[in-house]
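The values are calculated or read from the model by the stated rules, or taken from the named source; none is laboratory data. Since the structure is predicted, the reported quantities are computational estimates derived from the model, not experimental observations. Cβ: placed from backbone, ideal geometry, glycine included. Neighbour counts: every protein chain shown. With ligands, DNA and RNA removed, areas are computed over all heavy atoms of the protein, side chains included. Shrake-Rupley method; radii C 1.70, N 1.55, O 1.52, S 1.80 Å.
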Amino acid sequence: MSSPPLFGLVLAGGASTRMQRDKAALEYHGQQSQLRWAFNLLSDSCAATFVSVRPDQRNDATRASFPQIVDREPGAGPIAGISAALLEHPKVAWLVLACDLPFLTAATLNHLVERRDPQRVATAYRSSHDGLPEPLCAIWEPAARESVLAYLASGKQCPRKFLINSDVALLDLPDARALDNVNTADEYGAAQATLAVGDRPPATGDRTDSASLARVPRPETRAPAATRTVRVQYYAVLREQAGRSEETLDTNAATPADLYEELRRRHDFRLTSSQLKVAINANFSEWQARLAHGDTVVFIPPVAGG
Amino acid sequence: MKAFAFSQTHLVPDQYRAALSDPAAGGYAAFEGWVRNHNEGLAVTRLEYEAFEALANKEGERIVAEAIERYGVIKAACVHRIGTLAIGDLAVWVGVSSRHRAEAFAACRYIIDEVKHRVPIWKKEHYVNGDSGWVNCERCATHAHDHDHGHEHEGHRPPATGYGQKKD
């Protein structure tokens, strides 16, 4: 049996209280925000990449242009972001990455991805400081979902304690400092100085334009056999006819037009595609656009605002 | 204030109006859409509005920016309700401040017309007889009707038009 596809999740929902600045907006690698840098890094290994945000962060300038997964239990910390991702795309594994790891490199991430054990709940690095699992640069398998939800429901929130008590594949870090994080303004200054000396090569290229974000999935990392996992959200009359507000499905549909025909048969939708518009990842799209693994699709019935 | 926003609670036009004031403005025009107690011969008891907010906010902002650019007005904004509304409730507010009145009226009209056509917002009407229906979606094939500014949906070309409650 093949492993579930790997999606990326940048955790950017923190309050950054000790830094007193938004950690996601800090710049270590040239002019790009740490959030964009982490996003690009994950996009090299993952079929689709998302940014985890709290509900009140959806429209902020640093985060608004990324595909997002919104916390369902804001206030519960990083595990709220992880559980929201596991719920939104229950059939995929998540390569979860905090956005305050300026020393992380593509090599460290690839090392993790290559040694992933999909039979375990997670694959994680062992901290070079205390030997315990590092939950925020780790691969969380779909099998983690129910136990994460139960853990949250019992009032617990520490993702590290969760991994300590789970069946996790633990790896030694190839570079002891790779996961050192940065929480204060002093540490930020020191990290910038270290990186500026150039003893750590940049982990990813300078792909920064917003156009590259519109279609996150990268063709070479698509799932085999042309099937792709897409998420469909339903509104208004389609929500009622489908009996749900969203679903995640594996499909062979190559375009939104094909996908709508498939779903129309399944849910007995009365509207035809000529009466609808379609959006991919919250932008209006052509019906013949190519669907990519990880896309979120919305079929838009005739509107009636005002 | 944001150029385009949704509100789960009652709209407060006085607040929005204050946000549009400007020393260079010679006037202000606003449009308020209200929930009417009848539509297409049926008595309406309440409405529900629902929006695809991620896209609706972007499209709404584009419309307001277009109006400012096209008519050269000073400030403009639009706020739309979502959730359950009763008869008489304010469903949508559009406001424009400008140097002269003509462009304020024109920009206001442009914004409400475009919002009705382009922004992914849906309206469900509940009728006195217990029925309910999504406006523009559920009776298109069986209904034809003239409408003063065309159909509510660009990609939608059946013979029928105009299930929306006309606000103007």
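For A:Ser274 and B:His126, the FRET efficiency from 1/(1 + (r/R0)^6), where r spans their Cβ atoms and R0 equals 25 Å, is about 0.30.
Of interest is the spacing of the C-alpha centroids, which for segment A:13-88 and segment A:129-164 amounts to 18 Å. Among the protein heavy atoms, those of B:His10 account for about 130 Å² of accessible surface (1.4 Å probe, every chain in place). Residues whose amide H comes within less than 5 Å of that of B:His38, counting only those at least five positions distant or on another chain, are B:Val44 (H built at 1.01 Å from N in the peptide plane). Projecting label points 7 angstrom from Cα along Cα→Cβ for A:Asp186 and A:Asp258 puts them 5.8 nm apart.
Near the amide H of B:Gly27, within less than 5 Å, lie the amide hydrogens of B:Ser98, all on another chain or at least 5 residues away, with H placed in the peptide plane.
Computed from phi, the 3J(HN,Hα) profile of segment B:52-65 under the Karplus parametrisation 6.51, -1.76, 1.60 (θ = phi - 60°) reads 8, 5, 4, 7, 4, 4, 5, 5, x, 5, 4, 4, 5, 5 Hz, with x in place of Gly and Pro.
Once you reduce segment B:97-131 and segment B:1-74 to the center of their Cα atoms, the two points are 7 Å from each other.
Dipole magnitude for the protein assembly as shown: computed about the Cα centre from +1 point charges on Lys and Arg Cβ and -1 point charges on Asp and Glu Cβ, it is near 300 debye. Applying the criteria of a DSSP loop state and at most 15 other Cβ atoms within 10 Å to the trypsin sites (Lys or Arg not before Pro) of segment A:247-290 yields A:Arg270, A:Arg290. In this Cβ point-charge picture (+1 for Lys and Arg, -1 for Asp and Glu), segment A:15-104 has a dipole of about 40 debye about its Cα centre. Positive end of the dipole of the protein assembly as shown (Cβ unit charges, origin at the Cα centre): among A:Cys158, A:Pro135, B:Ala43, the Cα lying farthest that way belongs to B:Ala43. 3J(HN,Hα) along segment A:124-136: 9, 7, 8, 4, 6, 8, 10, x, 8, x, 9, x, 9 Hz, from the Karplus curve 6.51 cos²θ - 1.76 cosθ + 1.60 with θ = phi - 60°, whole Hz, x for Gly and Pro.
Beyond 28 Å in Cα-Cα separation lie the following of the pairs A:Lys277/B:Lys123; B:Lys75/B:Lys116; A:Lys277/B:Lys75; A:Lys23/B:Lys58; A:Lys277/B:Lys124: A:Lys277/B:Lys75. If you plug the beta carbon distance of B:Ala43 and A:Glu146 into 1/(1 + (r/R0)^6) with R0 = 60 Å, you get a FRET efficiency near 0.80.
The region of chain A that goes longest without hitting one of the GluC sites (Glu not before Pro) in a DSSP loop, each with at most 16 other Cβ atoms within 10 Å, is A:28-285.
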